[in-house]
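The values are calculated or read from the model by the stated rules, or taken from the named source; none is laboratory data. No experiment lies behind these values; they were computed from the predicted model shown. Cβ: placed from backbone, ideal geometry, glycine included. Neighbour counts: every protein chain shown.
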Amino acid sequence: MILNKLVLLKFHFITSSKDPVGGYMFGIDLDRKSQVSLKRQIYQKLKDDILSGRVASGESLPSTRELAKFLAVSRNTVCEAYEMLLAEGFVLSNQGAATRVTEGLNIPKTFTEPLNNTLKNNYNVIADFRTGQPDLRNFPMFVWNRILYAAIQEMPLVELGYRAPEGLESLREEISSWLFRSRGIKADPQDIFITTGATNALHLISEMLYKEGKYILIEDPCHMGMLRALTNKGYPVSPVPVDKHGILSKHVHKKTAWGIYVTPSHQFPLGGILPAARRAELIQYVRENEIYIIEDDYDSEFRYCGEPIAPLYSMDPQRVIYVGTFSKVIFPALRVGYVILPHQLKRQWKHHRTHTDVQNSPYEQAALAKFLKHRKIDRHLLKMKKLYGERRKVLLQALGESFKDTWYSWGDATGLHIAIEFPGMCFDNEFLEKCKINGILLKSVDYHSINKGKHMDKLLLGYSHLEPEEIRRGVLVLYDFLKNYM
């Protein structure tokens, strides 16, 4: 009768005259349908009661025979549960004596106020303009899975052990070839090191280069994720303002720095291309101070007017650390990126990578190497570049139809989002929260600013993950919201 249903059995043990401790009421729920074994259920319940103080220090547990009888389980099951408690030091057992609770184990639970996730989980999204979202619906998943399967089948066993922190040699060679044909970057495969993404690269680079009492110079506004990667480590940052062309290099000469973080090919989030004169000024500064530029080339593959912009790295490979990723080109969950390092930093990089996460998964590396070698990535990029370019035009057209001449865009025709300025508007945190409540997901430029208040009239509209009709509908929703908000 008790099989296949939840059984609640309570029992009360009256100790003998030799046991001065007294009795205790135990309640044990055994779920016989659970995938958790009965012995572990008994062990866990007794452990919880010991830690919570329901079973006092020094109190004796019932005999295994008695407990097995009350729970309708075998005595071996109870013995195994007791043995687990004994092995972990929760109880003490001596020959001929009762099993007793170890002293000093009472750890009362503290109450934590649950986070209020009602808004996060329950609002109805009707306009999704989040940035940095590639369209995963158009990724050739069948081709990728076939390549991944082949890579797994062909993987030598030696690659499944602990390998060098540089990354898979075949992938480094293919990245070198791909960078040359796509951007004209000449990089020796031995200078390329595989990472788990741009943020991982920044973590390692900052650990290598940080100097006490000095700052890292960073564009303002900048990507909040990158900023937090630095500030969470306690590294002080010094913001450098940007204009429509990118970082104002004249301001860096006033700073004492250990490095400069920039996005010169497509400034995030405003989209400017850093002019040659400013690039030269940055190079001169880092040479004079014997420090490094960290160049984040985060989405320059998607430029819709002309060829991708030449990287800052090409001007001085020994003073620029180039950071790239495949998150937007392939898919974010791939977690494969890379850096091109100056020769003098290789040994430090190997040491830091070895003592953090050592290496990436070899399967994804091998698959990506094949994806590059067989030019699958070239065809995919060509397709997505055309698709994203068309969606960008749809967004600009929809903005023009709804907002007329009350706005204008910033930056070059590159990337997966547009920065839009609405003169006279103020997009503060309250505005963003009201957008979320009304199902509109977006960020302002001020959100990404270190010094707040300078870009309050600008919004960021991501479009790459949206179909044309979704873009048009989203712009109408935003227009109605702004009209009522004003």
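Would a scan of the range 290-301 turn up a residue that is in the same structural domain as residue 242 (by TED's automatic domain parsing), surrounded by fewer than 17 Cβ atoms within 10 Å (Cβ to Cβ), touching a helix residue (DSSP H, G or I) at 6+ places or on another chain (Cβ under 9 Å) and modelled with pLDDT under 95? No, that holds for no residue.
Residue 393 satisfies every condition listed in (1) buried (at least 20 other Cβ atoms within 10 Å of the Cβ); (2) out of contact with any strand residue (DSSP E or B) (no Cβ under 9 Å at 6 or more places or on another chain); (3) among the basic types (Lys, Arg) except (1).
Among the residues making up the range 214-248, those that are farther than 27 Å from residue 354 by Cα and among the small types (Gly, Ala, Ser) are 238, 246. Only one entry in 74, 60, 52 is touching a strand residue (DSSP E or B) at 6+ places or on another chain (Cβ under 8 Å), over 30 Å from residue 479 (Cα atoms) and either of a type in the set (Gly, Ala, Ser) or modelled with pLDDT of 90 or more (or both), namely 60. Of everything in the range 225-266 that is basic (Lys, Arg) and either in contact with a Gly (Cβ under 8 Å, 6 or more places away or on another chain) or outside any helix (DSSP H, G or I) (or both), the residue that is nearest to residue 448 (Cα to Cα) is 244.
Only one entry in 43, 82 is at pLDDT 90 or above and out of contact with any strand residue (DSSP E or B) (no Cβ under 9 Å at 6 or more places or on another chain), namely 43. Can you name the residue in the range 333-361 that is of a type in the set (S, T, N, Q) and modelled with pLDDT of 90 or more and is also surrounded by the fewest Cβ atoms within 10 Å (Cβ to Cβ) among such residues? Restricting to residues being of a type in the set (S, T, N, Q) and modelled with pLDDT of 90 or more, the top hit is 344.
Counting only residues that are buried (at least 21 other Cβ atoms within 10 Å of the Cβ) and closer than 16 Å to residue 308 by Cβ, the range 184-195 holds 2 of them. Filtering the range 346-359 to residues that are out of contact with any Leu (no Cβ under 8 Å at 6 or more places or on another chain) and either in contact (Cβ under 8 Å) with a residue 40 or more places away in the chain or assigned to a loop (DSSP other than H, G, I, E, B) (or both) leaves 346, 348, 350, 354, 355, 357, 358, 359. How many of the residues in the range 271-308 are free of Cβ contacts under 8 Å to residues at least 60 places away in the same chain and among the hydrophobic types (A, V, I, L, M, F, W, C)? Result for the range 271-308: 8. Taken over the range 32-71, residues that are over 14 Å from residue 105 (Cα atoms) and exposed (fewer than 13 other Cβ atoms within 10 Å of the Cβ) amount to 6.
Residues that are of a type in the set (D, E, K, R) and within 22 Å of residue 267 (Cα to Cα) within the range 381-424 comprise 385, 386, 390, 391, 392, 393, 412, 421, listed in sequence order.
The residues of the range 391-448 that are of a type in the set (Gly, Ala, Ser) and either at pLDDT below 95 or out of contact with any Pro (no Cβ under 8 Å at 6 or more places or on another chain) (or both), listed by number, are 398, 400, 402, 409, 411, 413, 415, 424, 439, 444. Just so you know, in the range 396-448 the residues that are in a strand (DSSP E or B) and touching a helix residue (DSSP H, G or I) at 6+ places or on another chain (Cβ under 9 Å) include one that is nearest to residue 481 (Cα to Cα), and it is 440. Taking the criterion of being more than 27 Å from the chain's Cα centre (by Cα), of a type in the set (D, E, K, R), over 29 Å from residue 222 (Cα atoms) and outside any helix (DSSP H, G or I), the only residue of the range 148-201 that qualifies is 188. Checked against the criteria, residue 34 counts as at pLDDT 85 or above and part of a loop (DSSP other than H, G, I, E, B). Would you tally the residues in the range 213-228 being within 21 Å of residue 444 (Cβ to Cβ) and either in contact with a Cys (Cβ under 6 Å, 6 or more places away or on another chain) or buried (at least 19 other Cβ atoms within 10 Å of the Cβ) (or both)? So the count comes out to 8.
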